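Below is one structure; the comments refer to it alone.
The values are calculated or read from the model by the stated rules, or taken from the named source; none is laboratory data. Every value quoted in this text rests on a predicted model; they were computed, and no experiment measured them. Heads up, the Cβs are rebuilt from the backbone with ideal geometry, glycines too, and the neighbour counts pull from every protein chain shown. Only protein heavy atoms, including side chains, enter the accessible area calculation; ligands, DNA and RNA are left aside. Shrake-Rupley method; radii C 1.70, N 1.55, O 1.52, S 1.80 Å.
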Amino acid sequence: MWVLLAVLVVVAGFALRLNAMLVVTVAGIVAAAIAGLSPLEVLNAFGEGFAGSRSVTVFVLTLPVIGLIERYGLQHEARRLISQLRLLTTGRLLALYLLIRQATAALGLTSIGGPAQTVRPLIAPMAEGAAERRYDGPVSERVQEKIKGFSASADTVGLFFGEDIFVAIGSILLITGFVDATYHLKLEALDIALWAIPTGIAALLIHGTRLLLLDRRLDRMVAEDRDRPGAEAEVPR
């Protein structure tokens, strides 16, 4: 029962709103000390845990890289590029990205896109640039937030409904393993992937239509902003 002191450390640390990483580390040390592990064994356990889950810490390298490329004009170049493509509106751009994201996820390429590495530094600025070109100038903050939300949704929907078509993805293996262990039914990963194709097509058509209709929604929002008194002062320059 003394090992439960580690749980008490976690509860107390979170209640005091301390750093989560520090709280979990201290709780692990407390549990190891109660179990009679030596300091070297504790350090070895932490090292093995870090090495086994090192992919979780990839963001430590990813975020500085994204910050650097944004600092040196990635968003500006993305806006400039989209301003030269007259036929590519905000909705059409996001619908195209949805198609590309879902197609690549279906091939198992789930890591080439994402909110941090693609949506924020590239897709969202391009979508905002298309809107600024369409409306001849900067748009209001609420229009920008709407565009950011739909940009993120294009990535999320494309990944979620595309990855299940790839037979070697973790979700497919989880389903087959769970059904086999719980219900003793033998499911083939290929069968699940094939049945995911109609769902993926439906998701592409439904959300793609929503993205194409986004231009009309933005038209109404911009018209409302321009008709509202004092709207010019709210538009960022």
- Query: Hey, among the residues in segment 73-123 that are charged (D, E, K, R) and touching a Gly at 6+ places or on another chain (Cβ under 6 Å), which one's nearest to residue 190 (Cα to Cα)?
  - Reply: 101
- Note on the structure: Here the qualifying pairs (Cβ atoms under 8 Å; residues six or more apart or on different chains; first in segment 37-48 and over 17 Å from residue 27 (Cβ atoms); second modelled with pLDDT under 80) come out as none
- Take residue 127 and decide whether it is closer than 23 Å to residue 78 by Cα and either of a type outside the set (Phe, Trp, Tyr) or assigned to a loop (DSSP other than H, G, I, E, B) (or both). yes
- Every listed condition ((1) modelled with pLDDT of 90 or more; (2) open to solvent by 40 Å² or more (accessible area, probe 1.4 Å)) holds for residue 120 save (1)
- Item | Every residue from segment 134-147 that is open to solvent by 30 Å² or more (accessible area, probe 1.4 Å) and under 17 Å from the mean Cα position of the chain (by Cα) | 145, 146
- In segment 148-201, which residues are among the β-branched types (Val, Ile, Thr) and either out of contact with any helix residue (DSSP H, G or I) (no Cβ under 8 Å at 6 or more places or on another chain) or open to solvent by 40 Å² or more (accessible area, probe 1.4 Å) (or both)? 156, 165, 167, 175, 179, 182, 197, 199, 201
- Of the residues 219, 136, 155, which is free of Cβ contacts under 8 Å to residues at least 60 places away in the same chain, touching a Lys or Arg at 6+ places or on another chain (Cβ under 8 Å) and within 18 Å of residue 89 (Cα to Cα)? 155
